[in-house]
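The values are calculated or read from the model by the stated rules, or taken from the named source; none is laboratory data. All of these numbers come straight from a predicted model, not from anything done at the bench. Neighbour counts are summed over all protein chains in view; Cβ atoms, including those assigned to glycine, are modelled from backbone coordinates with ideal geometry. Heads up: the accessible areas ignore ligands, DNA and RNA and are worked out on the full protein's heavy atoms, side chains in. Shrake-Rupley method; radii C 1.70, N 1.55, O 1.52, S 1.80 Å.
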Amino acid sequence: MTERNTVVVGGTSGIGLELSRRIVARGDRVILTGRDATRAKDVAASLGPNATGISLDLASPHTIAESLASVGEVHGLVLSAVERDSNTVRDFSIDKASRLATLKLVGYLETIHALIGRIEETVDTGIVLMGGIARYRPYPGSLTVSTVNGGVEGMATALAAELAPVRVNVLHPGIVGDSPFWEDKTGALDAYRSRTPGGELATVEDVVESTLFLLDNKGVSGTTLHVNRATLTT
């Protein structure tokens, strides 16, 4: 696969950054986005000439089309931006809930809408929406996250039907043990490992490889893929 353009929304750090690095390494071009324009450009520059960085804020959906105006033909799209929200029904924050729902539901959809006409309409094109394990394994404070990730799953099913032959899938990562977010939370990681068959957690590499599979495999659409080392079996 060569000379293909993949847009990675949320590509300046964590899984999105590692995915962007892999896309460039295999000879394709990546357009990575982040809320901060300078950081997005700096990160892209560090990946080489096949990477471009632009600013995009999913939480401000009315600005998305303008932010994506410079993007040309798209052969793959990954929506991996994440924001961690803590909310409960007993102590409910409308502002927190509204921001997360806007970011992952309205923002994801508006990104795809803004790129319609530039997304190559063939089975070779894959769109991957990132959800998360909270959809199936809620934790204290995950009310909005669990709800929104359920919405992402429904979104992928509807989009797979509407955008065919373009393929649309959702990926729910579990706890990613070697991600930057968890590097200083060893106690929590030990607790999660103790509840996972085999005592190991998913890695950034696991999630990146799974995302590339969903981007590339022509037989997979409208599917939810879990990457969590069988955590949901316990």
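Values computed for the structure shown
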quantity: Where labels lie 7 Å past Cα in the beta-carbon direction, separation of residue 94 and residue 157 in nm; calculated: 3.0 nm
quantity: Rough spin-label spacing in nm, given labels placed 7 Å along Cα→Cβ, for residue 213 and residue 42; calculated: 3.5 nm
quantity: Additional length obtainable on full extension of the chain from residue 84 to residue 232, 0.36 nm per residue less Cα span; calculated: 51.2 nm
quantity: Neighbour net charge for residue 84 - beta-carbon separation under 13 angstrom, K R +1, D E -1; calculated: +2
quantity: Antiparallel DSSP beta bridges within the chain, as percent of all bridges there, nearest 5; calculated: 0 percent
quantity: Over the chain: helical MRE at 222 nm, DSSP H runs n ≥ 4 each giving -39500 (n - 2.57), nearest 500; calculated: -11000 deg cm²/dmol
quantity: Too-long pairs where the Cα-Cα distance tops 27 Å, listed order kept, from 104/218; 96/218; 41/104; 104/185; calculated: 96/218
quantity: Of all accessible heavy-atom area on the chain, the percent that carbon and sulfur account for (1.4 Å); calculated: 54 percent
quantity: Separation in nanometres of the label points that stand 7 Å from Cα toward Cβ, at residue 118 and residue 186; calculated: 4.5 nm
quantity: Relative contact order for the chain, counting Cα pairs under 8 Å that sit 6 or more residues apart, in percent; calculated: 18 percent
quantity: Value of relative contact order over the range 149-234, rounded to a whole percent, pairs C-alpha under 8 Å and six or more apart; calculated: 43 percent
quantity: Distance between the range 134-159 and the range 15-63 - C-alpha centres, whole angstrom; calculated: 25 Å
quantity: Accessible solvent surface per residue of the range 9-164, calculated while the other protein chains remain in place, 1.4 angstrom probe, Å²; calculated: 46 Å²
